[in-house]
Amino acid sequence: MSVEGWLTDAQAERLAAAGARAAGGTVVEIGSFRGRSTIALARAAGSAVAIDPHLGSDRGPQEIAADHARGDDDHAAFLANLAAAGVEDRVRHVRLRSADALGSVSGPLALLYVDGAHRFAPARDDLRRWGARVQPGGTMLVHDAFSSIGVTAALLLECAAGGGWRYAGRTGSLAEYERAELHGRARVRNAARQLAELPWFLRNVLFKVLVTVGLRGVAHRLGLPRGMHWPY
């Protein structure tokens, strides 16, 4: 897929597989950027609700502050990419922050894809409030899991410490969860599987520190793939 974005091809395949399983249900993504994930979901599931305010904020590494001109460019590219992919009629775009968009979607969700603001507070809010909308047996996928510090901390609190999500594994930093009530040993095993990802998380944080301070070559020698700007 040639659309700009942080989702790898392998991650797009996992997202599409989840979308195909959710076909016929309500599919919501939080964080669309220029439509890479939106296209994968709409093609696989048949329809999707895309929530992104396109404010030019929280759009990539070190691009946190709002920039309305940049956001308008992203919005225009998003619409153009949907049209080029032939899925514009399968996507309903809600141009609001996720915290303000809860009333824009009715009923339970078959699939939720979370790739919104990566700071701890908004990430936890997305997992808690939108995650509560996922129906039993439904799927939640989270990008930059065990990679972003804020997203990882939110996941550990909401999904590892809690008993409402079964961890299904990850493709790179795309983690998949099933909505399920876990108790006793099943809950402990589920938490342990997620805690086992922490060494990989610490490796990613090290790569980000090295890249930030100008030591990209060292990061590559330690395992950051060549051509990858940021671990995701």
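The values are calculated or read from the model by the stated rules, or taken from the named source; none is laboratory data. From a predicted model like this one, the values you see are computed outputs, not experimental measurements. In this analysis, Cβ positions are derived from the backbone assuming ideal geometry, glycine residues included, and neighbour counts consider all displayed protein chains.
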Can you give me the ranges of the helices (runs of 4 or more DSSP H) entirely in the stretch 106-214 with at least 3 residues that are of a type in the set (F, W, Y) and either free of Cβ contacts under 8 Å to residues at least 24 places away in the same chain or closer than 26 Å to E13 by Cβ (or both)?
198-212
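Residue by residue, here is whether (1) surrounded by fewer than 22 Cβ atoms within 10 Å (Cβ to Cβ); (2) more than 12 Å from the chain's Cα centre (by Cα); (3) in the same structural domain as L41 (by TED's automatic domain parsing) holds:
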{"residue": "Q135", "(1), (2), (3)": "yes, yes, yes"}
{"residue": "M140", "(1), (2), (3)": "no, no, yes"}
{"residue": "S148", "(1), (2), (3)": "no, no, yes"}
{"residue": "L155", "(1), (2), (3)": "no, no, yes"}
{"residue": "W165", "(1), (2), (3)": "no, yes, yes"}
Every residue in the stretch 64-89 that is of a type in the set (A, V, I, L, M, F, W, C) and either modelled with pLDDT under 95 or touching a Leu at 6+ places or on another chain (Cβ under 6 Å) (or both), please.
I64, A65, A66, A69
Every residue in the stretch 8-35 that is surrounded by fewer than 24 Cβ atoms within 10 Å (Cβ to Cβ), more than 24 Å from G103 (Cα to Cα) and not β-branched (V, I, T), please.
D9, A10, Q11, A12, E13, R14, A16, A17, A20, R21
Which listed residue is out of contact with any Cys (no Cβ under 7 Å at 6 or more places or on another chain) and in a helix (DSSP H, G or I), from A66, A83:
A83
Give the stretch 103-133 a look and list any residue that's surrounded by fewer than 16 Cβ atoms within 10 Å (Cβ to Cβ) and over 17 Å from G25 (Cα atoms), or say none.
G103, A121, R128, R129
Quick one: which residue in L112, L82 is out of contact with any His (no Cβ under 7 Å at 6 or more places or on another chain) and within 30 Å of A161 (Cβ to Cβ)?
L112
Tally time: how many residues in the stretch 215-227 are out of contact with any Phe, Trp or Tyr (no Cβ under 9 Å at 6 or more places or on another chain) and part of a loop (DSSP other than H, G, I, E, B)?
4
Restricting to the stretch 198-232, count the residues that are among the charged types (D, E, K, R), within 24 Å of E4 (Cα to Cα) and touching a Leu at 6+ places or on another chain (Cβ under 9 Å).
1
Residue that is in the same structural domain as V49 (by TED's automatic domain parsing) and farther than 22 Å from W6 by Cα, where the choices are G116, G103, G172
G103
Positions within the stretch 151-179 being out of contact with any Asp or Glu (no Cβ under 9 Å at 6 or more places or on another chain) and more than 16 Å from L112 (Cα to Cα), in sequence order:
A153, L156, L157, A160, A161, G162, G172
